[in-house]
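Undergrad: A single structure is presented below for examination.
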Amino acid sequence: MSNYQYLFGPIPSRRLGISLGVDLVPHKVCTIDCVYCECGATSTLTTDRKEYVPRAKVQAELAEFLAIKPQLDCITFSGAGEPTLNSEIGALIQWIQREYPAYTLVVLTNGTLLHLPTVRREIASLDIVKISVDAVAPALFTEINRPAASLTVSAMMEGIQQFCSECTGKIWLEHFLIPGKNTDEASLHQLGTYLQTLTAEKLQLNTLDRPAPESWVTPADAVTVRMAQEILQSYLSYPVENVSKVDTTYTFSDKTTPIETLICNYISRRPMTLQDLQQTTGKDEKELHAVLEKLSQEELIFSRTEQRGIFYETRKNNGTKE
Ligand code: SF4
């Protein structure tokens, strides 16, 4: 996985198998600016849809990478920002479905553009659409997700409802638990009331696992996660899963890419610890440690200490709004 600008990974995942990431917006163009975003602060807060990265170049990279027939289960539109902001996502999906029908196609979206019929149409044929819903009360939505000025929580909620009734693939919902913000019983009951109106396959509960842009954001403890799971499950006919653990089932072993490139490719999207890298790349701990030291000395990567350990990233945590 060397020299690719728009592809990253493949990333091993307990839920998706081995997934190739595709970045459709530059770091970090998003419609919202979540207080917990593991990619750092949003630098371009916008709802303008355009061809942020050229579809032709993404297709060229995909064609080159997939030509070697890599071990791969799915292709996931994710990365550092909101993929549905790219106005070419629909055409790209059609091209992949035509040229590479064997792969499961997935998008991770914050759902804020699903009030737009065009966006709903463009992603309705994906195999899996994972939608984040962190808050349904307007004040909480503003506080946690810090949306672009033109977005409202009511439009987002209606858009998601509409999309769930139109999508031909599976809908996975995700809710990020932030202690002190959306983990009180009233917020969870309000969320459950909304989520029960959605047709979905599952709801996944997540909490902080990597450094957040806001230092006051902390992980939810096991008791809180269990309480949230019980309350939300009482509303839903589909399962509520706790996914707030690092995946441990799969390891992707890339024997051809230089280890420096491999590390930079992974941590350019989100900060990772040595253990995360070891688990993801399958490389030896000592070897990884030596390379991390070297890259740090050359100031190609940076580190910071958080609750879960030392996280490595390719940029200092200094995101600012434009
Ligand atoms: S929607 Fe995703 S990429 Fe955008 S700020 Fe939130 S967590 Fe980050």
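No value in this document is a laboratory result; all are computed from the given coordinates. Values in this document were obtained by computation on a predicted structure and should not be read as measured data.
Undergrad: Counting only C-alpha contacts under 8 Å and six or more residues apart, can you give the relative contact order of region 259-313 as a whole percent?
TA: Taking the mean separation of contacting Cα pairs over the length of region 259-313, I get 41 percent.
Undergrad: Another one. In vacuo Debye scattering of region 135-267, one point per C-alpha: log10 I(q)/I(0) at q = 0.10, 0.14, 0.20 Å⁻¹?
TA: For region 135-267 at q = 0.10, 0.14, 0.20 Å⁻¹, log10 I(q)/I(0) is -0.42, -0.76, -1.23.
Undergrad: Would region 1-81 count as rounded, prolate or oblate if I go by the C-alpha gyration tensor, calling it rounded below 1.5 in a/c and otherwise prolate when a/b exceeds b/c, oblate otherwise?
TA: Numbers: a/c = 2.62, a/b = 1.46, b/c = 1.80.
It is oblate, given that a/c is not under 1.5 and a/b is not larger than b/c.
Undergrad: Also: Report the gain in length on full extension from residue 102 to residue 5: 0.36 nm times residue separation, minus Cα-Cα distance, nm rounded to one decimal. Don't jump to the answer; show the numbers that get you there.
TA: Working: separation 97, 0.36 × 97 = 34.92 nm, distance 2.35 nm.
Gain in length upon complete extension: 32.6 nm.
Undergrad: Further, regarding this structure: Express the relative contact order of the chain as a whole percentage, based on alpha carbon pairs under 8 Å and six or more residues apart in sequence.
TA: Details: 618 pairs, mean separation 60.3, N = 322.
Computed over the chain, the figure is 19 percent.
Undergrad: Test of understanding: express the Cα radius of gyration of region 253-293 as a ratio to 2.2 N^0.38 Å, with N the residue count.
TA: Details: Rg = 9.1 Å, N = 41, 2.2 N^0.38 = 9.0 Å.
The value comes to 1.01.
Undergrad: Please report the orientation-averaged projected area of the chain, defined via the convex hull of its C-alpha atoms, in nm².
TA: Working: hull surface 61.4 nm².
So the mean shadow area of the Cα hull is 15.3 nm².
Undergrad: A 19 angstrom limit on the alpha carbon distance is what I want to check against. Which of 28/294; 50/170; 130/170; 57/283 exceed it?
TA: Numbers: 28/294 27 Å; 50/170 26 Å; 130/170 8 Å; 57/283 30 Å.
Exceeds cut-off: 28/294; 50/170; 57/283.
Undergrad: Once the Cα gyration tensor of region 115-195 is diagonalised, what are the square roots of 5 times its eigenvalues, in whole Å and ordered largest first, as equivalent ellipsoid semi-axes?
TA: Working: eigenvalues 111, 43, 21 Å².
Ellipsoid half-lengths, sorted descending, are 24, 15, 10 Å.
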